[in-house]
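The values are calculated or read from the model by the stated rules, or taken from the named source; none is laboratory data. Just so it is clear, the model here is predicted, and its values are computed rather than measured. Positions of Cβ are generated from backbone atoms using ideal geometry, with glycine treated the same way; all protein chains shown enter the neighbour counts. All accessible areas refer to the heavy atoms of the entire protein, side chains included, with ligands and DNA or RNA removed. Shrake-Rupley method; radii C 1.70, N 1.55, O 1.52, S 1.80 Å.
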Amino acid sequence: MTTAHRYPLPDLNSLPQDIQARILEVQEKSGFIPNVFLALARRPAEWRAFFAYHDALMLKEGGHLSKGDREMIVTATSAANHCLYCVVAHGAILRIYEKKPLVADQVAVNHRKADISPRQRAMLDFAMKVCQRSNEVEDADFAALHLHGFDDEDIWDITAITAFFGLSNRMANVTGMAPNPEFYLLGRQPKAKAA
């Protein structure tokens with residue numbers, strides 16, 4: 001499968017300066033350009049809105065969700081939405097944040113049997129309900145999360161991350177976006193220590 005085969009990827013040099021700068025910054029940090037950055041850049045206004053909301057959710061300071069928790073939500077709900085790109089890409093980030101090489105595969109296949117804390121399991125139970133049956137969310141779901149130390153703002157965050165990546169999953173699936181090969185190995189082996 002070719003990357004974003006249904007829509008041609010724009011040439012990096014043809015993009016607006018602010019988008020080029022952000023993409024080059026990501027490339028510098030990770031060593032490659034994640035396909036989502038170029039695939040969505042064909043529509044600059046939407047790209048800016050997408051990544052502004054992404055950053056507001058995923059890079060947020062404060063609250064009781066760790067970066068690992070956020071990536072865990074993305075990985076589990078993306079699997080439910082059958083989004084290969086997001087499961088592979090965010091699973092890689094999850095492995096790095098949690099320092100657990102098996103966690104992303106476990107969460108993607110069945111979070112109820114994953115090697116995660118009861119708190120994280122409750123968080124993912126709720127995220128999966130939001131993902132698949134949001135019309136059934138009720139006060140008892142909030143009460144169950146409160147017992148694990150989540151407050152109402154954390155519940156908003158879980159909901160917003162799930163909903164935002166529902167959009168991302170659908171865009172990736174429809175465009176035919178493929179995960180970069182680099183994502184498959186990230187976080188699976190400990191980094192070699194410099195001699």
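Name the residue that is surrounded by the fewest Cβ atoms within 10 Å (Cβ to Cβ), counting only residues in the range 27-42 that are closer than 14 Å to GLU182 by Cα and of a type in the set (A, V, I, L, M, F, W, C). Here the answer is PHE32. State whether one or more residues within the range 10-26 are aliphatic (A, V, I, L, M) and either touching a strand residue (DSSP E or B) at 6+ places or on another chain (Cβ under 7 Å) or surrounded by fewer than 12 Cβ atoms within 10 Å (Cβ to Cβ) (or both). Yes, some residue in the range 10-26 is aliphatic (A, V, I, L, M) and either touching a strand residue (DSSP E or B) at 6+ places or on another chain (Cβ under 7 Å) or surrounded by fewer than 12 Cβ atoms within 10 Å (Cβ to Cβ) (or both).
Yes or no: PHE126 touching a helix residue (DSSP H, G or I) at 6+ places or on another chain (Cβ under 8 Å), among the aromatic types (Phe, Trp, Tyr) and either over 23 Å from LEU57 (Cα atoms) or not in a helix (DSSP H, G or I) (or both)? For PHE126, the condition - touching a helix residue (DSSP H, G or I) at 6+ places or on another chain (Cβ under 8 Å), among the aromatic types (Phe, Trp, Tyr) and either over 23 Å from LEU57 (Cα atoms) or not in a helix (DSSP H, G or I) (or both) - is not met. Whenever a residue of the range 148-169 is touching a residue at least 24 places away in the same chain (Cβ under 8 Å), its partners that are among the small types (Gly, Ala, Ser) and open to solvent by 10 Å² or more (accessible area, probe 1.4 Å), lying with C-beta atoms within less than 7 angstrom and at least six residues away or across chains, give the pairs HIS148/ALA122; GLU153/GLY63; ASP154/GLY63; ASP157/GLY63.
Residue-by-condition table, conditions (1) more than 24 Å from LEU145 (Cα to Cα); (2) among the hydrophobic types (A, V, I, L, M, F, W, C); (3) in a helix (DSSP H, G or I):
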position: LEU9; (1), (2), (3): yes, yes, no
position: LEU24; (1), (2), (3): yes, yes, yes
position: PHE32; (1), (2), (3): yes, yes, no
position: LEU38; (1), (2), (3): yes, yes, yes
position: GLU46; (1), (2), (3): yes, no, yes
position: LEU57; (1), (2), (3): no, yes, yes
position: MET72; (1), (2), (3): no, yes, yes
position: SER78; (1), (2), (3): no, no, yes
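Looking across the range 164-195 at every residue that is in a loop (DSSP other than H, G, I, E, B) and of a type in the set (S, T, N, Q), the one that is modelled with the highest pLDDT is identified as ASN180.
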